[in-house]
1. May I ask you to order 205-218, 152-165 by the average number of other C-beta atoms within 10 Å around their residues, highest value first?
2. Return, ordered by residue number, the residues of region 298-317 whose backbone nitrogen is under 16 Å from a label point located 7 Å along Cα→Cβ of residue 323.
3. Taking θ as phi - 60°, what are the ³J(HN,Hα) couplings along region 39-45 by the Karplus curve (6.51, -1.76, 1.60), each to the nearest whole Hz, with x for Gly and Pro?
4. Expressed in nm to one decimal, what extension gain is obtained for the pair residue 367 and residue 379 from 0.36 nm per residue of sequence separation less their Cα-Cα distance?
5. Please arrange 131, 381, 103, 66 by how many other C-beta atoms lie within 10 Å of their C-beta, fewest to most.
6. Quick one: which residues, 5 or more positions from residue 228 or on another chain, have an amide H under 5 Å from its amide H? H modelled 1.01 Å from N in the peptide plane, none for Pro or chain starts.
7. Using per-residue counts of other Cβ atoms within 10 Å, averaged over each peptide, order 14-26, 255-267, 179-191 from highest down.
8. For region 1-75, what does the alpha-carbon gyration tensor say about shape, rounded, prolate or oblate, given a ≥ b ≥ c as the root eigenvalues, a/c under 1.5 as rounded, and a/b over b/c as prolate?
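No value in this document is a laboratory result; all are computed from the given coordinates. This is a predicted model, so every value here is computed, not measured. Quick reminder, even Gly has a Cβ in these numbers, built from the backbone with ideal geometry, and neighbours come from all protein chains shown.
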Amino acid sequence: MIQELATFRVAGSRYPFCPGCGHALTNDALNAALVKLQLDPLKTVIVTDIGCVGMSDQYFDVNAFHGLHGRAITYATGIKLANPELKVIVLMGDGGAGIGGAHLLNAARRNVGLTVLVFNNFNFGMTGGQHSVTTPHGGITSTTRGGNLERPLDICATVSVNGASFVYRGTAFDKELADRIAEAIQTPGFALLDIWELCTAYYVPNNKFSKTELLQTMQGLGLAAGILQRMDNPELAHAYRTEFADQLGKPVLPPEPIEQKFESALAKTTRVLLAGAAGGKVRSTASALALGGMYSGLWATQRDDYPTTVMSGYSVSEVILSREEILYTGVNQPDILAVLTPEGLSQAPRQLKAMDESQTVYVVPELADQIQTKARKVIFHLNRAAVSRKSLAVAARRPRPSCATPACIRWKHSARRSMRASAKTSRRRISKRWKRARRFYRNVITRHLCRCTRRGGTTARRGEPHAGANFAHV
Ligand SMILES: Cc1ncc(C[n+]2csc(CCOP(=O)(O)OP(=O)(O)O)c2C)c(N)n1
Ligand code: SF4
């Protein structure tokens with residue numbers, strides 16, 4: 001028997017908003033809409049922006065994503081495009097609507113199937129009531145003490161003219177708000193509700209503002225309330241799939257689940273930290289490790305940290321592998337730490353200090369003396385592996401000396417052939433190319449570092465197929 005959900009609110013939770021804050025009313029209306037639609041909580045995602053409004057998602061028993069200010073629509077777009085079957089609901093303030101204005105325009109223009117609720121209280125609530133893009137002319141805020149001189153943005157008109165499928169303007173006090181939110185959620189394309197509210201901490205006391213003034217302001221600006229636009233254009237995430245299905249002549253497949261192919265020997269949760277330099281394949285290796293864990297039936301998380309610059313500076317990735325579900329990322333005390341470059345070392349002093357005798361640090365010889373830790377120290381001669389400095393992290397996977405799959409044997413033979421050919425063409429003078437080939441031959445072939453190891457950071461057991469990463473022996 002399917003049981004109806006009486007609420008989508010987290011049991012026993014209370015909103016953290018100031019008394020009388022409109023955010024509580026709007027969230028209640030959202031809850032009523034979810035109850036009305038009886039959405040599957042597992043297929044519903046609330047994406048929140050920054051600000052007081054950003055605290056809302058934790059009070060709903062659905063999937064949630066909370067990111068940077070003004071960027072909620074970008075995350076939501078990615079989620080929707082990746083899985084069009086999800087109902088993706090964005091909660092943002094007027095501050096977020098201004099800071100992320102271009103995203104708002106583009107989501108409307110693309111007709112991405114999102115439902116955007118703008119909790120519009122005419123100021124930045126969380127940071128002390130600064131004016132925003134919707135502050136009415138004359139509005140007093142902490143940054144417009146003499147009254148706002150800017151023209152307020154008409155959010156509804158802006159998204160309407162850019163092709164939004166459903167547009168509604170109303171207030172948090174509207175009796176019909178829950179129904180309109182439900183209608184917006186059911187709209188396949190981009191839907192936006194501009195919900196006018198009271199910020200009782202700042203805008204209300206600064207402007208002697210109440211529900212009456214709120215309605216008067218709307219009228220004074222000549223802005224209509226109610227449903228302002230309904231259009232039936234193709235929703236982008238579905239349109240993409242239909243278009244490609246037409247081109248391919250077959251349906252576009254949904255994302256494939258990662259199915260277990262191997263059995264892991266991992267006994268306890270293992271936290272791995274790879275600390276290297278940008279451009280060193282640190283993140284790729286971490287991904288291969290995490291994927292390998294998943295193929296082996298483990299839970300895996302990956303978290304990357306690197307500066308905004310490209311190909312310079314540090315690159316640190318952490319991977320947690322576990323038989324149990326991993327609820328938090330953040331490795332303070334890794335079980336395995338690979339220190340690959342000085343840049344990586346500069347990012348790991350805290351972890352090195354926290355590690356104990358049961359844990360292991362793999363370190364390149366040139367940095368070994370700089371490692372101060374209680375953990376077991378293993379000097380790892382990465383330079384003997386035939387990879388450039390750029391691929392140090394990949395080489396950090398200890399190669400198995402027994403790779404004997406047909407693909408690798410074929411590859412080794414072809415490497416040997418090309419080395420001989422190279423030697424022939426440059427017999428008179430030992431060219432750089434020949435030297436490189438000889439080094440390559442010695443290092444790669446005689447050390448049995450197979451092609452798969454070099455390319456994907458994976459290792460293979462004798463006779464095992466090389467499909468995907470296999471870290472079953474981790
Ligand atoms: C890019 C960026 N700029 C500024 C801030 C600082 N900041 C945090 S909350 C906030 C105001 C939020 O106002 P609004 O979006 O209207 O939401 P409310 O607090 O009113 O719910 C600001 C400016 C930030 N976190 N990120
Ligand atoms: S500061 Fe304003 S927006 Fe934030 S919780 Fe208080 S009343 Fe609501």
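1. On the way: 205-218: 15.3, 152-165: 19.9.
Taking the mean over residues of other Cβ atoms within 10 Å, the ranking is 152-165, 205-218.
2. Residues 298-300 fall inside that zone.
3. 3J(HN,Hα) across region 39-45, in whole Hz: 5, 6, x, 6, 10, 10, 10.
4. Values: separation 12, 0.36 × 12 = 4.32 nm, distance 0.90 nm.
Full extension of this stretch gives 3.4 nm more.
5. Working: 131 25, 381 9, 103 22, 66 17.
With the fewest neighbours first, 131, 381, 103, 66 line up as 381, 66, 103, 131.
6. 167, 168, 169
7. Details: 14-26: 18.7, 255-267: 11.4, 179-191: 21.8.
Highest to lowest by the protection proxy: 179-191, 14-26, 255-267.
8. Details: a/c = 2.25, a/b = 1.31, b/c = 1.72.
Oblate, because a/c is 1.5 or more while a/b does not exceed b/c.
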